[in-house]
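Here the structure is laid out as structure tokens; the discussion comes afterwards.
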Amino acid sequence: MYGDPTTIRRILTELGDTWAVVGLSNNDQRAAHGVAEVLQRHGKRIVPVHPKAETVHGERGYPSLSAIPFPVDVVDVFVNSELAGGMADESVALGAKAVWFQLGVVDETAWDRVRDAGLDMVMDRCPAIELPRLG
């Protein structure tokens, strides 16, 4: 329901290659770390977004979405569902083309706001799982 195949394909192949990964740090035990690595292997530029603003996988980190000084195509959200709506709203304000909420991250009102703003959105899915399915 929250990730039809056409939207998933469009986000992964057409909307651009700069992905802000919210919640990405140097903790290699966190899912964001591995997913960001998969995104890089598929040609995406990852932008770590975490309060620590750490450099991850060779990419400079930023403490917030608003601190990123260049355009972002997709915002990939790895925060809990209670915080995800705020990230969705910041993504719209940032001018992103799409928002991706990771597995287990669900906020239906954020879904509505993002879609109403004209952005593509996928929720409760993982791009590291979806990329190999593209064929």
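The values are calculated or read from the model by the stated rules, or taken from the named source; none is laboratory data. Predicted model only: the values in this text are computed from it and were never measured. Neighbour counts run over all protein chains shown; Cβ positions are idealised from the backbone, glycine included. Note: areas computed on protein heavy atoms with side chains; ligands, DNA, RNA excluded. Shrake-Rupley method; radii C 1.70, N 1.55, O 1.52, S 1.80 Å.
Please work out which residue is most open to solvent (accessible area, probe 1.4 Å), limiting yourself to region 79-102 and to residues that are assigned to a helix (DSSP H, G or I) and polar (S, T, N, Q).
Keep residues of region 79-102 that are assigned to a helix (DSSP H, G or I), which gives 81-94.
Next cut, polar (S, T, N, Q) only: 81, 91.
Numbers: 81: 28, 91: 0 Å².
Once the filter is applied, the top-ranked residue is 81.
Taking the criterion of being small (Gly, Ala, Ser) and surrounded by 14 or more Cβ atoms within 10 Å (Cβ to Cβ), the residues of region 48-63 that qualify are 53, 61.
Would you be able to tell me the number of residues in region 108-127 that are part of a loop (DSSP other than H, G, I, E, B) and either buried (at least 22 other Cβ atoms within 10 Å of the Cβ) or under 12 Å from the mean Cα position of the chain (by Cα) (or both)?
4
Taking residues in region 82-100 that are charged (D, E, K, R), and partners anywhere that are open to solvent by 40 Å² or more (accessible area, probe 1.4 Å), the pairs with Cβ atoms closer than 8 Å and at least 6 places apart or on different chains are 89/113; 90/66.
Please count how many residues of region 24-46 are in contact with a helix residue (DSSP H, G or I) (Cβ under 8 Å, 6 or more places away or on another chain) and either of a type in the set (Ser, Thr, Tyr) or part of a loop (DSSP other than H, G, I, E, B) (or both). Counting residues in region 24-46 that are in contact with a helix residue (DSSP H, G or I) (Cβ under 8 Å, 6 or more places away or on another chain) and either of a type in the set (Ser, Thr, Tyr) or part of a loop (DSSP other than H, G, I, E, B) (or both) gives 6. Checking each residue in region 24-45 for being under 15 Å from residue 61 (Cβ atoms), small (Gly, Ala, Ser) and under 13 Å from the mean Cα position of the chain (by Cα) picks out 32, 36. Per the conditions (1) under 20 Å from residue 14 (Cβ atoms); (2) open to solvent by 50 Å² or more (accessible area, probe 1.4 Å); (3) touching a residue at least 24 places away in the same chain (Cβ under 8 Å); (4) outside any loop (DSSP other than H, G, I, E, B), the sole criterion not satisfied by residue 71 is (4). Condition check: part of a helix (DSSP H, G or I) and surrounded by 19 or more Cβ atoms within 10 Å (Cβ to Cβ). Does residue 105 satisfy that? No: the conditions fail for residue 105.
Here's the yes/no breakdown for (1) without any contact (Cβ under 8 Å) to a residue 24 or more places away in the chain; (2) open to solvent by 30 Å² or more (accessible area, probe 1.4 Å); (3) under 12 Å from residue 102 (Cβ atoms):
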position	(1), (2), (3)
12	no, no, no
24	no, no, yes
29	yes, yes, no
32	no, no, yes
38	no, no, no
46	no, no, no
